[in-house]
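Shown next, in structure tokens, is the structure this report addresses.
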Ligand code: AHG
Ligand code: MN
Ligand code: MN
């Protein structure tokens, strides 16, 4: 006998009903995202079986080799979202410029920013990858949306989430009333509620997550911070865990606790991760789950974006450890 299950569709609908002013438009955007997620899941889960691995033969705006699944996920998201009449503009990691809503479709009040496939370098090794999305309401009046609709601080997001294609496919999102996780049951093609109201455990597991291959490029304060975490001068030492897929490293941090870092360094002072469709949506989830997300100095959600693909250093996880990181980066010793 199946225990009582709540589908994502039902959960979104019930959330909508609990907001008297809800129009249902955000609900239909979330529905469309889950449809795209199922299509991407299908390709990811059989990626080894069809000729979809390997390079797509061109580079994206960041000069990174684009793999076919990046292209596929980018197109699937766009085609799932372009006709609903709820969006006025989209932006994607895989598109240098804004993506207008095709003229044959009506425009709406919302903006979608997304990283169609996060962790691309891990695709061929069958390591967890993901899709990250961020939703704002437009600031311009009517018709096609523009850059000003996309360049809003993370604190103004009305919804954010990610899909992680791992040992199971999980969708985690927030519209501001808690962070909730749903696991895809492929046998019925439904996301079922599996993690209601996720809270980062306090105290969290003593895990730090950073690419130590960049150690020599870090500032002395960043190096001192990681040495402190390794040796645990304050208390017992931390364990190191690093997948190299932001969604996987974040999902673990959300469920177990810990400290995730992607610092700036002497080669890329702003680090590697993008503000609009990686750091800001995960920061919203992190903070709604009781954690903290900063760029080492200030809250990610308070940063006013200047450009679509701008990067930011990222520190997120348990509040006390993100704050400790900030103290080290400011030259203190975290005491
Ligand atoms: P994307 O595949 O969307 O470009 O993102 C890759 C990012 C992120 O997933 C991860 O945290 C980071 O790249 C890993 O970078 P390093 O390999 O430099 O550690
Ligand atoms: Mn990414
Ligand atoms: Mn990506």
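The numbers here are math on the coordinates, done by the rules we state, and not lab data. Since the model is a prediction, treat every value here as computed from it, not as a measurement. Ideal geometry is used to build each Cβ from the backbone, glycine not excepted, and the neighbour counts take in all protein chains shown.
Say we join alpha carbon atoms closer than 10 Å with springs in a Gaussian network model of the chain; which of 114, 256, 165 then has the biggest fluctuation?
256
If you build a Gaussian network model of the chain, linking Cα atoms that sit under 10 Å apart, which residue out of 63, 296, 181 swings the most?
Top of the fluctuation ranking is 63.
Where does the chain land at 222 nm, in deg cm²/dmol rounded to the nearest 500, when only DSSP H runs of n ≥ 4 count, each adding -39500 (n - 2.57), divided by all residues?
-8500 deg cm²/dmol
Efficiency by 1/(1 + (r/R0)^6): what FRET value for residue 217 and residue 79, r their Cβ-Cβ distance, R0 = 35 Å, to the nearest 0.05?
My answer for the efficiency is 0.35.
Return the whole-Å distance between the Cα centroid of region 159-227 and the Cα centroid of region 272-335.
Between the Cα centre of region 159-227 and that of region 272-335, the gap is 14 Å.
For the chain, what is the relative contact order in percent, using Cα pairs closer than 8 Å and at least 6 residues apart in sequence?
Across the chain, relative contact order equals 14 percent.
Between 269, 183, 174, find the one with the highest GNM mean-square fluctuation for the chain; connect C-alpha pairs within less than 10 Å.
Among 269, 183, 174, the largest GNM mean-square fluctuation belongs to 269.
Between residue 168 and residue 306, what is the label-to-label distance in nm when each label sits 7 Å out along the Cα-to-Cβ direction?
4.4 nm
Whole number please: convex hull volume per residue, Cα atoms of the chain, in Å³.
For the chain, the hull spanned by Cα atoms encloses 143 Å³ per residue.
Which order results if 134, 245, 140 are arranged by neighbouring Cβ count within 10 Å, fewest first?
140, 245, 134
Spin-label point model (7 Å from Cα, Cβ direction): what's the residue 17 to residue 227 distance in nm?
In this crude label model, residue 17 to residue 227 measures out at 5.9 nm.
Once the convex hull of the alpha carbons of region 177-317 is built, what does its volume come to per residue, in cubic angstrom?
Output value, Cα hull per residue: 132 Å³.
Give me the distance in nm between label points sitting 7 Å out from Cα along the Cα-to-Cβ direction at residue 140 and residue 155, one decimal.
Output for this residue pair reads 2.5 nm.
What is the list of residues in region 139-169 whose amide nitrogen lies under 17 Å from a point 7 angstrom out from the Cα of residue 192, following Cα to Cβ?
167-169
Based on the Cβ-Cβ distance of residue 43 and residue 104, what FRET efficiency does E = 1/(1 + (r/R0)^6) give at R0 = 45 Å, to the nearest 0.05?
The value I calculate is 0.95.
Answer rounded, prolate or oblate for region 211-277, using the Cα gyration tensor with square roots of eigenvalues a ≥ b ≥ c: rounded when a/c is under 1.5, else prolate when a/b is larger than b/c, else oblate.
oblate
Rounded, prolate or oblate: pick one for region 8-195, where a ≥ b ≥ c are the square roots of the eigenvalues of its C-alpha gyration tensor, a/c under 1.5 means rounded, and failing that, prolate if a/b is larger than b/c, else oblate.
In terms of gyration-tensor shape, oblate.
Take the Cβ-Cβ distance between residue 58 and residue 7 as r, set R0 to 45 Å, and report the resulting FRET efficiency rounded to the nearest 0.05.
Between residue 58 and residue 7 the formula returns 0.70.
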